[in-house]
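Just so it is clear, none of the values below were taken in a lab; they were calculated from the coordinates. Everything quoted here is computed from the prediction, not taken from an experiment. Positions of Cβ are generated from backbone atoms using ideal geometry, with glycine treated the same way; all protein chains shown enter the neighbour counts.
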Amino acid sequence: MANVRTTWLLGGMTLSLAIGSTALAHPDSDLPAPPDGLAVTTVVRAGSGENTYQSVPNWCQIPDGRKTLGSTHGGVVVDKQGLIYFSMEAGPSGILVYSADGKLVREIAPGLTGIHGMCLNEENGEQFLYGAHLAGHQAVKMKLDGTVLWKIPWPEQSEKYKNEGEYHPTAIAVGPTGNVYVADGYGKNWVHEYDENQKYIRSFGGPGKEPGKFQTCHGIALDTRGPKPLLLICDRANRRLQHFDLDGNFVAVITENLRLPCSVSFHGDKVAVAELEGRVCILDKDNKIVSTLGDNPNHKQWATNKVPPQDWTEGIFNAAHGISFDKDANLYIEDWSVTGRIIKMEHVGAEARAD
């Protein structure tokens, strides 16, 4: 019988239990390597209670003909059929589409590499992909097969830019009436609103540290958990999340002291936050941290895309960048890496055991 090792991450300590043997190891212990890659299957569990997750080793299969997956500096969304879409910084295709078992289904959007953030929106029973195309200084709307329906160029009407080279959009969200919100997270830190016909309406936010301002408005999402929908914005360098109403008015700073929040995903009342400094955290309905996943104790690996694959640790994040729940509350995380890294964390909930 092959050994199956389950590792628990508990508040900075790692507890490793090998079933079929008596090995009980502290993280600093020097365990011998298995004789081959199939001898030990490592599953890392993290979190607590209902928010307990375990990693799925080697989940993402690299497409045929490639030595690496490609630079993962983008976003993640999951459609109603359970297919997972990852936007890629470079490569032959802009978006890779995977099944829940980690197999590549198709590649789409060959002319749109460099889409940074994405969202899905259902309209008259059909789902559409929206992307903040960082490389193209524009926003795009696509069908699920990658067919482009429209593009919104740099917001010249806002009078906040001299040229499109100053505009570097990182995230996009769609409101209940079809209005589109594009966050210029790598540019001048404004969020721009357009109507359902792509007509410019307004800009809000702007650079600064005070509430209602941004230092890298990196991620944006529609938050429908409350009595009225709000925009939740990842104010990355200010290490916080902020709420705005759909007219761009500041509502509140809802969570602070995060580790460079990049993007968020919702499942019921929960919010999963991808943090660039080596962690994913889960917030409750009151926007308080109730669980952390993949917390990297090696600060030298935080917020860098240069960690080589041989130095990755199963179930540990280096630079969590894109994130999405699926319908079963499983998480898919795009870890920022020059060679490409995608991680699936399976939701196991309160019934999780170390055996």
Net charge near Asn330 (other residues with Cβ under 11 Å of its Cβ; Lys, Arg +1; Asp, Glu -1) is -1
Once the dipole of the chain is set up from charges on Cβ (+1 Lys and Arg, -1 Asp and Glu), the residue from the list Phe266, Gly114, Val77 lying farthest towards its positive end is Gly114
Interchain or sequence-distant (5+) residues whose placed amide H lies within less than 5 Å of the amide H of Ser263 are Ala274
Total charge of the residues flanking Lys300 in space, meaning their Cβ is under 13 Å from its Cβ, with Lys and Arg +1 and Asp and Glu -1, is -1
Listed by chain and number, the residues whose amide H is under 5 Å from that of Gly187, excluding neighbours fewer than 5 places away on the same chain and using placed H, are His168
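For Cα pairs less than 8 Å apart in space and 6+ apart in sequence, what is the mean separation divided by the residue count of the range 90-167, i.e. the relative contact order in percent?
The normalised contact order for the range 90-167 reaches 18 percent.
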Residue-ordered couplings for the range 92-103, obtained by feeding phi - 60° into the Karplus form 6.51 cos²θ - 1.76 cosθ + 1.60 and rounding to whole Hz (Gly and Pro as x), are x, 10, x, 9, 9, 10, 10, 8, 5, 8, x, 9
Over all viewing directions the Cα convex hull of the range 248-327 casts an average projected area in nm² of 6.5
Among beta bridges assigned by DSSP with both residues in the range 159-246, the antiparallel ones amount in percent, to the nearest 5, to 95
In whole Hz, the Karplus estimates of ³J(HN,Hα) for the range 331-339 (6.51, -1.76, 1.60; θ = phi - 60°; x where Gly or Pro) are 10, 10, 10, 9, 8, 4, 7, 5, 9
Quotient of Cα radius of gyration and Kirkwood radius for the range 148-237, i.e. Rg/Rh, equals 0.96
Calc'd 3J(HN,Hα), the range 210-216, phi into Karplus 6.51 cos²θ - 1.76 cosθ + 1.60 (θ = phi - 60°), Hz, glycine/Pro = x, comes to 6, x, x, 10, 9, 10, 6
With the dipole of the chain defined by +1 on each Lys or Arg Cβ and -1 on each Asp or Glu Cβ, the option from Ser291, Gln198, Val43 whose Cα lies farthest towards the positive pole is Gln198
Which residues qualify? For Gly219, with a placed amide H closer than 5 Å and at least 5 residues away or on another chain, they are Cys234, Arg236
Quick shape check on the range 63-341: root eigenvalues a ≥ b ≥ c of the Cα gyration tensor, a/c under 1.5 is rounded, otherwise prolate if a/b tops b/c, else oblate, and it reads rounded
